[in-house]
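Participant: I have a structure here, written as structure tokens, and I will follow up with some questions on it.
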Amino acid sequence: MQEDETLRWLPRLAARGGPRFLQIADALQSAVADGLLKPGDRLPPQRHLAALLDVDLTTITRAYDEARRRHLLEGRGARGTYVAAPKVELTAVLDLGMNTPPPPAGLDFDDLLKQGLSQVLMGADAALLMTYHLGGGSDVDRQAGAQWLQPMFGPVDAEQLVVCPGAQAAIAASILALTEPGDVILAEPVGYPGLRSAATQLGRQLVAVPADQHGMRPDSLEQACRQHQPALLYLNPTLQNPTAITMPLARRQALLAIAQRCKVRIVEDDPYWLLAEAPPPPLARLAPEQVLYISTLSKCLTPGLRVAFVLVRDPVLRERFQAALRSFALMVSPLSAALATQWILGGSAYGLMEGVRKEARLRHRMARDLLAGRYSGAGDGLHVWLELPRYWSPSQLAQAAHSEGIAITPAEAFATDPTGTHTVHAIRISLGSIKDRSRLQAGLQRLSQLLARRPDAFSAAVV
């Protein structure tokens, strides 16, 4: 191909189009997808391209590095840089099963991470980041937590916060601090599987309380309290995992009144509040002394931070919680906590979270269009709870989807009591774990086609 033809893909760099190196990498990707650039085409030398686009050499180097990361380009030493042949992913799975935040469009996460770590290392003694710390987080970590919780609570006393290595650790410590072996913990019929795992390992009994379209039913909670004398009530009231239900204010108040009357403490696991559109106030704001509140960064920012903030207003309970946490997780990683604190106090966390929120809502619109007639989500958060046609069972559909290269999570995985009578005919679809939006679209389209077929037709096609 002549050089003038290979230059037809050159982008017009927009002042507000995001980082220039990403604009160039995106233009390369579009040119390959549209056939303007074909495998084996030689790209201009970096200095020549920098002059053509009137950018510095570093921008072109970063653009080529990003394009290589996307498997668009390959270097051939002194011969130059060429368009790569398509990478065949024989075992690639379209993952609609793992609930993680979607990557925000136009945001360079590598840069954000490097800048954050650089700022941490400039402002802290590296040795202190690699040694033991007292559990519960440093003063500045708790101050960052107080700032993070302001949208939910207004001003928060940082002394009432405990910094934990993730929400799962916080749930386990809550169970240890608030219950004894053999005690009953109440929860909705389907919910976060980590609760069941922790309760089982710690020798507590998990009992499912019926729910409706607004969450746990007050009359069922009252009956369960009389019957089981529970030590703890677990609730995930905002964009509940997996049903995506946000409990309305009146339902929250009704459940709190019963819990207070029955003297049952509540653990409020609230990872999605900041992603929801105008959610009601947390239970812990309505009944501060009754509720232990958990807010993790894993669902709003990135799971790799492993940082959660736990609000425990009662000082005696807070000490019990910290003692329980120290029994299995001495401390949050100081480096992770320092990075989370830097991002929050420096403002980067809010830009990242806003990007996650926007991307998640765009993906919900995609799911609504592609799963027409079946989508019943709220339009925000990270997942969709999809009720199935009667001819598909959740486990059967999950198996069929897996054979077609799609990972989904059947309702059975979320059952509070897998041996109980509460059966739900649904699957959870996670919208954030597939980085590329076009691959997500392909996965949802394939799933929609599969849903329209009956299991017997699918089995015949496989045979």
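The values are calculated or read from the model by the stated rules, or taken from the named source; none is laboratory data. These numbers come from a predicted model, not from an experiment. Glycine gets a Cβ as well: all are built from the backbone with ideal geometry, and neighbour counts include every protein chain shown. What goes into the accessible areas is simple: the full protein's heavy atoms, side chains included, and nothing from ligands, DNA or RNA. Shrake-Rupley method; radii C 1.70, N 1.55, O 1.52, S 1.80 Å.
Participant: Express in Å², to the nearest 10, the accessible area of Arg446 obtained by rolling a 1.4 Å probe over the protein heavy atoms while all chains stay in place.
Facilitator: 80
Participant: Fully extended, how many nm does the chain gain between Thr131 and Arg261 (0.36 nm per residue separation, minus their Cα-Cα distance)?
Facilitator: That pair, Thr131 and Arg261, stretches by 42.3 nm at full extension.
Participant: Still on this structure, I have one more. Relative contact order for region 387-432: what is it in percent, counting Cα pairs under 8 Å that are at least 6 residues apart?
Facilitator: For region 387-432, the relative contact order is 42 percent.
Participant: Then there's this: Spelling out what I want: for every residue of region 105-122, take phi, set θ = phi - 60°, compute 6.51 cos²θ - 1.76 cosθ + 1.60 (Karplus), and round to whole Hz; glycine and proline get x.
Facilitator: In residue order, the calculated couplings are 5, x, 9, 8, 5, 4, 4, 4, 5, 5, 5, x, 5, 4, 5, 4, 5, 6 Hz.
Participant: Which lysines have a Cα less than 27 Å from the Cα of Lys299, not counting those fewer than 8 places away in the same chain?
Facilitator: Lys114, Lys358, Lys435
Participant: If you roll a 1.4 Å probe over the heavy atoms of the protein chains, what accessible area per residue do you get for the chain, in Å²?
Facilitator: Spelled out: the 1.4 Å probe surface of the chain, per residue, equals 46 Å².
Participant: Could you tally the net charge around Arg446, taking each other residue with its Cβ under 12 Å from the Cβ of Arg446, Lys/Arg +1 and Asp/Glu -1?
Facilitator: +1
Participant: Can you pull the accessible area of Thr81 for me, 1.4 Å probe, Å² to the nearest 10?
Facilitator: 20
Participant: Follow-up question, since we're still on this one. Before anything else, pin down the relative contact order of region 24-117: Cα pairs under 8 Å, at least 6 apart, normalised by residue count, whole percent.
Facilitator: 27
Participant: Let me ask something else about it. Can you tell which of Ala324, Ala172, Thr302 lies farthest toward the positive end of the dipole of the chain, using +1 and -1 charges on the Cβ of basic and acidic side chains (Lys, Arg; Asp, Glu)?
Facilitator: Going by the Cα projections, it comes out as Thr302.
Participant: Roughly speaking, to the nearest percent, how much of the chain's 1.4 Å accessible area is carbon and sulfur?
Facilitator: Here carbon and sulfur together make up 51 percent of the probe-accessible area.
Participant: Give the peptides 171-181, 335-345, 46-56 in descending order of average Cβ contacts within 10 Å, highest first.
Facilitator: 335-345, 171-181, 46-56
Participant: Short version: ³J(HN,Hα) in whole Hz for each residue of region 284-301, in order, from phi by Karplus 6.51 cos²θ - 1.76 cosθ + 1.60 (θ = phi - 60°), x for Gly and Pro, what are they?
Facilitator: Using θ = phi - 60°, the values come out as 5, 7, 6, 9, x, 7, 8, 10, 9, 10, 10, 10, 9, 8, 5, 9, 9, 10 Hz.
Participant: Apply 1/(1 + (r/R0)^6) to the Cβ-Cβ distance of Glu319 and Ala442, taking R0 = 41 Å, and write down the FRET efficiency to the nearest 0.05.
Facilitator: Once rounded, the FRET efficiency stands at 0.20.
Participant: Quick one: of the DSSP bridges fully inside the chain, what percent are antiparallel, nearest 5?
Facilitator: Rounded to the nearest five, the antiparallel share is 60 percent.
Participant: Straight-line reach only, C-alpha to C-alpha below 18 angstrom: list the lysines that Lys38 could link to, leaving out same-chain residues fewer than 8 apart.
Facilitator: Lys87
Participant: Can you tell me the 0 to 90 degree angle between the C-alpha axis of helix 348-370 and the longest principal axis of the chain, rounded to 10?
Facilitator: The answer is roughly 90 degrees.
Participant: Pop the C-beta distance of Leu52 and Ser30 into the FRET formula with R0 = 22 Å and round what comes out to the nearest 0.05.
Facilitator: In this case the efficiency is close to 0.80.
Participant: If you line up the long axis of helix 437-452 against the longest principal axis of the chain, both from Cα atoms, how many degrees apart are they, to the nearest 10?
Facilitator: In the chain, helix 437-452 runs at an angle near 60 degrees to the longest axis.
Participant: Given the options Leu53, Val93, Ser138, identify the residue whose Cα lies farthest towards the positive end of the charge dipole of region 42-155 (+1 on Cβ of Lys, Arg; -1 on Cβ of Asp, Glu).
Facilitator: Of the candidates, Leu53 comes out farthest on the positive side.
Participant: If you don't mind, there's one more thing I want to ask. For the chain, what is the charge dipole size about the Cα centre, in debye to the nearest 20, if Lys and Arg each add +1 at the Cβ and Asp and Glu each add -1 at the Cβ?
Facilitator: 580
Participant: Something else: Sort by residue number and name the cysteines in the chain that have no neighbouring cysteine Cβ under 4.7 Å.
Facilitator: Cys164, Cys300
Participant: Ok, one more. Which whole-number percent gives the relative contact order of region 309-463, counting Cα pairs below 8 Å spaced six or more residues apart?
Facilitator: Relative CO of region 309-463 lands at 20 percent.
Participant: May I pose another question? Residue by residue through region 163-180, which ³J(HN,Hα) values in whole Hz follow from phi under the Karplus form 6.51 cos²θ - 1.76 cosθ + 1.60 (θ = phi - 60°), with glycine and proline marked x?
Facilitator: Those phi angles translate into 8, 10, x, x, 5, 4, 5, 5, 5, 4, 5, 4, 4, 5, 6, 10, 9, 10 Hz.
Participant: What does the charge dipole of region 14-139 about its Cα centre add up to, to the nearest 20 debye, if the Cβ of each Lys and Arg holds +1 and the Cβ of each Asp and Glu holds -1?
Facilitator: 560
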